[in-house]
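Structure first, commentary second.
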Amino acid sequence: MSENRDIILTEVALRDGSHAIGHQYTVEQVTEVARALNDAGVPYIEVAHGDGLAGSSEQYGRSLTDEMKLIEAAVSVCDQTKVAVLLIPGIGTMNELKQAASLGAKMARVATHVTEADVAPQHINLAKELGMETVGFLMMSHMAPVNKLVEQAKLMESYGADTVYVVDSAGALLPNEVRERIRALRQSLTINIGFHGHNNLSLAMANSLAAIEEGATRIDGSIRCLGAGAGNTQTEVLVAVLERMGLKSGVDLYKMMDLAENVVAPILPQPQEITRDSLVMGYAGVYSSFLLHSQRAAKQFNVDSRDILIELGKRKVVGGQEDMIIDVAAEIANKKNSLKV
C-alpha cells in the first residue's frame, strides 16, 4: 500500500464526518463516497459511528444506519482502498472488532485519551490476531506534556501498534507544539508516526505540514472538511499541497475535487466553517465532538454554548464524559437565574 507514496492518507469523513451530520449516514451515501475514494486511489478510509464502533447510543448520538451495514457497504466497493474502523475501549468491544474484521475491515485504530494507553492492549492484540493493521490513536494530545505523550506512545508500540498517531481532537495545538511532539516520537519510536488534525483554530493544514516535516508519514484528512467541530485537514487540498511540495500521495487530485464538489458538499447540512463554537473549542481545548451536544444543551437551558465549552475546557473534560455537558449547562443556568433574583 505504501509503494510509491511518500505520505499515506487516511480519509476520515465517513467516521469523523458522522459527527457533523448527526450520525445520519445512509448506505447509499457511504457506498457512493467510498466508491469514489477507491477510484481516486485513497489508500485508507475510516468508516464507523463518529465515536467509533458501538458509538450509537443516547449519550453519543443514535445512528440512522447500523454501522456494520456501512462498513460492509464500503468494503463492497473498494478493491484497492482498505477500510479502517475506530474503536474506543469502553465504547466499542472486542465483539464489534471481530464483526468489523469479518466484514472486511483491514485496519483497527484503537483510540484512547492521551494518558490512558494502558486500556488498549487487548484490543490491539486482538486486531493483530485478526490480521488487521493496527494504530494507536492518542486523542486530545494537547492535554499531556511531551514526555507523557512519548511514554504513552511507547506503550502503544509495545502492545503491537504498527503506527501511533498524535491526535489533535480539539484543534488546539499550534504548529510549534505539533513539531515538538512529532519530533519526540520520531526520536523515541521505531514504528510509523501519524497526525490527525482539526481545524478549529484554522491550523489543521499548517499542523499537518509541520507533522510531515518532522517525519510523520501517516496523515488524516476529511474531504470537504467533513468532520467534527470545524472539520479536519481538507483532504483534496492536502493532496494538492503535497503535489506542490513534490511529495507523492498516490491520490488523483481531480477525482478528489469532483467528489468533494459533486457528492460530499450536498451531504453537508451547512458548509463546514470555523463558527464561533468551533473556534471556542480550539481556544478552550475541548473535544470536537462536543459541539452539537453543547449547542443542544445551550438551547435547552437558554445559556450561551460558548460558556459551556469554556467551562468544559477548564474542567479538562474528555471524550466519554458527554454527560457532563448537561451538568455544566444546568449549573450555568442556575447561576444565571440566581443573579436575576
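Could we say that A216 is assigned to a loop (DSSP other than H, G, I, E, B), open to solvent by less than 20 Å² (accessible area, probe 1.4 Å) and at pLDDT 95 or above here?
Numbers: assigned to a loop (DSSP other than H, G, I, E, B): yes; open to solvent by less than 20 Å² (accessible area, probe 1.4 Å): yes; at pLDDT 95 or above: yes.
Here the answer is yes, as A216 does meet what is asked.
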Given the conditions (1) in contact with a Lys or Arg (Cβ under 9 Å, 6 or more places away or on another chain); (2) part of a loop (DSSP other than H, G, I, E, B); (3) among the β-branched types (V, I, T), and given that V286 satisfies all but one, which numbered condition is not satisfied? (1)
Checked G131, G227 against criteria (buried (at least 24 other Cβ atoms within 10 Å of the Cβ), within 30 Å of N38 (Cβ to Cβ) and either modelled with pLDDT of 95 or more or not aliphatic (A, V, I, L, M) (or both)); the one match is G227
Go through the stretch 161-208 and give me each residue that's over 22 Å from I88 (Cβ atoms) and among the small types (G, A, S). A184, S188, S202, A206, S208
Report the residue count in the stretch 314-341 for those that are without any contact (Cβ under 8 Å) to a residue 60 or more places away in the chain and small (G, A, S). 4
Whether any residue in the stretch 5-22 is over 20 Å from the mean Cα position of the chain (by Cα) and in contact (Cβ under 8 Å) with a residue 12 or more places away in the chain is what I want to check. yes
In the stretch 289-341, residues that are under 21 Å from F137 (Cβ atoms), among the hydrophobic types (A, V, I, L, M, F, W, C) and not in a helix (DSSP H, G or I) total 2
Enumeration of residues in the stretch 10-27 that are of a type in the set (A, V, I, L, M, F, W, C) and part of a loop (DSSP other than H, G, I, E, B): V12, A13, L14, I21
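Take the stretch 233-247 and flag every residue that is assigned to a loop (DSSP other than H, G, I, E, B) and under 17 Å from the mean Cα position of the chain (by Cα). Outline the logic, then answer.
The initial filter retains those residues of the stretch 233-247 that are assigned to a loop (DSSP other than H, G, I, E, B), namely 233, 246-247.
Passing the criteria: only T233.
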Of the residues T65, T26, which is over 24 Å from N200 (Cβ atoms), out of contact with any helix residue (DSSP H, G or I) (no Cβ under 8 Å at 6 or more places or on another chain), β-branched (V, I, T) and open to solvent by 20 Å² or more (accessible area, probe 1.4 Å)? T26
Being open to solvent by 10 Å² or more (accessible area, probe 1.4 Å) and either touching a Leu at 6+ places or on another chain (Cβ under 8 Å) or at pLDDT below 95 (or both) is the filter here, so list the residues in the stretch 149-171 that pass it. V150, K154, E157
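The values are calculated or read from the model by the stated rules, or taken from the named source; none is laboratory data. From a predicted model like this one, the values you see are computed outputs, not experimental measurements. Cβ: placed from backbone, ideal geometry, glycine included. Neighbour counts: every protein chain shown. For accessibility, only protein heavy atoms count, side chains too; no ligands or nucleic acids. Shrake-Rupley method; radii C 1.70, N 1.55, O 1.52, S 1.80 Å.
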